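Everything below concerns the one structure shown next.
Since every read-out is calculated from the coordinates, none of them should be taken as a lab result. Computed from a prediction, not measured in an experiment: that's the story for all the values here. As a convention, Cβ positions derive from the backbone with ideal geometry for all residues, glycine included, and neighbour counts pool all protein chains shown.
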Amino acid sequence: MAAIMSISRQMLRVSSAPLCFAGKACFASKAAQFKVCVSGGAGGIGQPLAMLMAMNERVKEVSVQDVSMAMVPPAGVAADLGHMEFPSKVVGYAIDPSKPAVDQLEECLTGCHLVLVPAGVPRKPGMTRDDLFAINAGIAKGLVDACAKYCPEAVIGIIVNPVNSVVPAMAELYKKKGLDPLKIIGVCTLDTVRANKFVSVMTGTSPMDVAVPVVGGHAGVTILPLFSQDKIAATIPADKIAALDKRTQDGGTEVVEAKAGKGSATLSMAYSGARFGGKVLDGMAGVPASEYCYLASTVTELPYFSSKVDFGPKGVVKVHDIGVLSAHEKVRLEEAKAALKLEIQKGLEYAKTC
Ligand code: NAD
Ligand code: LMR
């Protein structure tokens with residue numbers, strides 16, 4: 001019991017709605033009002049992410065969507081999750097990727113409030129996230145087209161890489177369809193999660209007490225942690241900041257190399273995706289919530305940028321400025337914007353061809 005309580009307390013960071021750890025102990029299904037789809041739900045991120053979303057007490061239904069030749073059939077993932085003692089219903093949906101997703105996902109997506117998209121290919125050692133664009137943009141487009149038709153009011157959390165280019169591409173597609181581009185949000189929570197953990201290890205504090213803003217984008221130098229804006233991180237000596245910044249930028253590569261060609265971050269990403277998803281659902285339930293994420297923005301001269309976002313009943317309600325920066329962060333901001341500009345351009349060019 002003590003262990004369960006401790007896990008629950010930790011999970012409060014995921015969302016103001018605690019996860020259920022036993023059907024009897026959770027708030028009861030009255031609070032469960034939202035339908036969530038995890039596209040790529042049979043994959044490395046998708047399976048644990050679907051599990052964490054099924055455990056969120058605001059969730060009444062989870063669609064686990066993947067392709068028919070996935071490593072595990074989505075119906076199998078759903079059957080497995082469906083035996084856990086939570087109120088949520090879990091349903092699997094397999095599509096034939098040689099046919100348009102939009103022709104196959106009506107039941108899966110209809111009524112969804114939140115669609116989380118880790119569907120796509122992860123990188124291997126030596127690759128950049130940008131190398132994944134050609135294949136992953138096509139996968140995302142198929143799914144986003146289907147969301148536009150069946151759940152146009154849903155928030156679409158783009159996890160698939162390269163986030164910096166896929167989000168502009170998909171948001172422009174939403175614009176072309178007359179839909180709200182702010183429904184398309186890049187999930188960068190893992191950068192914040194890593195920065196918090198690295199700071200906590202360096203300072204001997206609890207990661208739960210650290211909240212480092214990470215702005216910019218989600219690749220290499222575009223990942224800009226603002227250590228000066230967190231009270232614990234701000235105590236770190238200035239001569240240690242550049243290395244900490246670099247480790248945060250390279251967190252994904254650290255995992256890709258450690259997995260030695262067998263994938264990229266999955267479990268920390270599922271945790272981060274569930275933290276993001278929980279915040280979106282909190283907002284929809286009328287409980288104000290914020291997260292750092294990447295979306296259409298006027299915070300800088302770039303049309304897409306990651307900064308703090310407040311969520312409300314329909315999704316995004318406010319995109320915050322980045323605040324006061326240290327001298328190191330000012331230099332890094334210019335570096336981040338220069339790289340991000342090109343990656344945004346790639347997404348905008350893609351959208352023009354669709
Ligand atoms: P994975 O290969 O384990 O899983 C991907 C899943 O997507 C597979 O099950 C595959 O069958 C499925 N898929 C492919 N096409 C699909 C389609 N049309 N519809 C539905 N499902 C489809 O990969 P993973 O480790 O889960 O990573 C997925 C993506 O997430 C990668 O692009 C990776 O780079 C990215 N990622 C992003 C972050 C982030 O912080 N935003 C973190 C980690 C990984
Ligand atoms: C991450 O940051 O872990 C992801 O973007 C996956 C990757 O390729 O690094």
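Using only Cα atoms, locate the centre of region 134-169 and the centre of region 276-354, then give the distance between them in Å, rounded to an integer.
Centre-to-centre distance over Cα atoms comes out at 16 Å.
Can you bin region 220-329 into rounded, prolate or oblate? Criterion: square roots of the alpha carbon gyration tensor eigenvalues sorted a ≥ b ≥ c, rounded for a/c under 1.5, prolate for a/b above b/c, oblate for the rest.
Since a/c reaches 1.5 but b/c is at least a/b, the shape of region 220-329 is classed as oblate.
To the nearest 20 Debye, how big is the dipole of the chain about its Cα centre, given +1 on the beta carbon of each Lys and Arg and -1 on that of each Asp and Glu?
280
Based on the mean of other Cβ atoms within 10 Å per residue, sort peptides 289-295, 333-339, 185-191, 195-201 so the most packed one is first.
My ranking of the peptides, most packed first, is 185-191, 289-295, 195-201, 333-339.
What ³J(HN,Hα) values, in whole Hz, does the Karplus curve 6.51 cos²θ - 1.76 cosθ + 1.60 give for region 250-260 when θ = phi - 60°, with x put for Gly and Pro?
Calculated HN-Hα couplings, in order: 9, x, x, 5, 4, 6, 4, 6, 5, 7, 6 Hz.
Rounding to the nearest 20 debye, state how big the charge dipole of region 189-353 is about its Cα centre with +1 on each Lys and Arg Cβ and -1 on each Asp and Glu Cβ.
It comes to approximately 260 debye.
Show me 268-281, 224-237 ranked by packing, highest mean number of other Cβ atoms within 10 Å first.
268-281, 224-237
Could you point to the residue in Ile344, Gly251, Ala285 farthest towards the positive end of the chain's charge dipole, with +1 and -1 charges on the Cβ of Lys/Arg and Asp/Glu respectively?
Going by the charge dipole, the pick is Ala285.
Taking the chain as a Gaussian network, where each spring joins two C-alpha atoms under 10 Å apart, which residue of Met69, Met170, Met55 fluctuates the most?
Looking only at Met69, Met170, Met55, the largest GNM fluctuation is found for Met69.
Considering only Gly41, Gly252, Gly76, give the residue with the highest GNM mean-square fluctuation for the chain, with springs between Cα atoms whenever their separation is below 10 Å.
With Cα springs under 10 Å in the chain, the top fluctuation among Gly41, Gly252, Gly76 is at Gly76.
Cross-link list Lys259/Lys341; Lys231/Lys337; Lys318/Lys341; Lys175/Lys262; Lys246/Lys330; Lys259/Lys352: which exceed 27 angstrom alpha carbon to alpha carbon?
Lys259/Lys341; Lys175/Lys262; Lys259/Lys352
Of all beta bridges DSSP finds with both residues in the chain, what is the antiparallel percent, to the nearest 5?
Here the share of antiparallel DSSP bridges comes out near 45 percent.
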